[in-house]
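Below is one structure, written out as structure tokens, with a few remarks after it.
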Amino acid sequence: MEKLGVTLWQYQWHFFSIICFVLIILFLVTLFPIHSLYTSSLVREDAKKILIESSEKYGLPRSDFSFAIVKKDYIKLCRRPHQKGKDNLYCDDFYIRDF
């Protein structure tokens, strides 16, 4: 048992590095579909306009919406109205004209 403890102690930085690498990969996979939202002000303005219009259309607060995919010509906006019971997820596709 002592041998196993010494071995784990010797390789603690390896385990830490692997865990950090996995967390960074998960973060990047989550961030990649919406990276256009952060890099382009035109896309950001279009997304804001679509979010406000959808919020008013469905009568839901903006916190019930989330962006699933954001590209320069396409936005997928999902909504999850909070009700009693199961919260269903509905998604709408918006195609933005090219500038």
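The values are calculated or read from the model by the stated rules, or taken from the named source; none is laboratory data. Everything numeric here is computed off the predicted structure, so don't read it as measured data. Neighbour counts run over all protein chains shown; Cβ positions are idealised from the backbone, glycine included.
Applying a threshold of 9 Å to beta carbon distances and a minimum spacing of six or more residues, or different chains, the list of pairs starting in region 35-46 at a residue that is more than 12 Å from Ile69 (Cβ to Cβ) and aromatic (Phe, Trp, Tyr) and ending at one that is in a helix (DSSP H, G or I) and at pLDDT 85 or above reads Tyr38/Leu31; Tyr38/Arg44.
Would you say Leu37 is part of a helix (DSSP H, G or I), at pLDDT below 90 and touching a strand residue (DSSP E or B) at 6+ places or on another chain (Cβ under 7 Å)?
Yes: the conditions hold for Leu37.
For region 12-34, give me the residue count where each residue is at pLDDT 95 or above and among the aromatic types (Phe, Trp, Tyr). So the answer is 1. From the list Ile96, Ile75, Ile69, the one residue that fits, being surrounded by 14 or more Cβ atoms within 10 Å (Cβ to Cβ), at pLDDT below 85 and closer than 21 Å to Tyr38 by Cβ, is Ile96.
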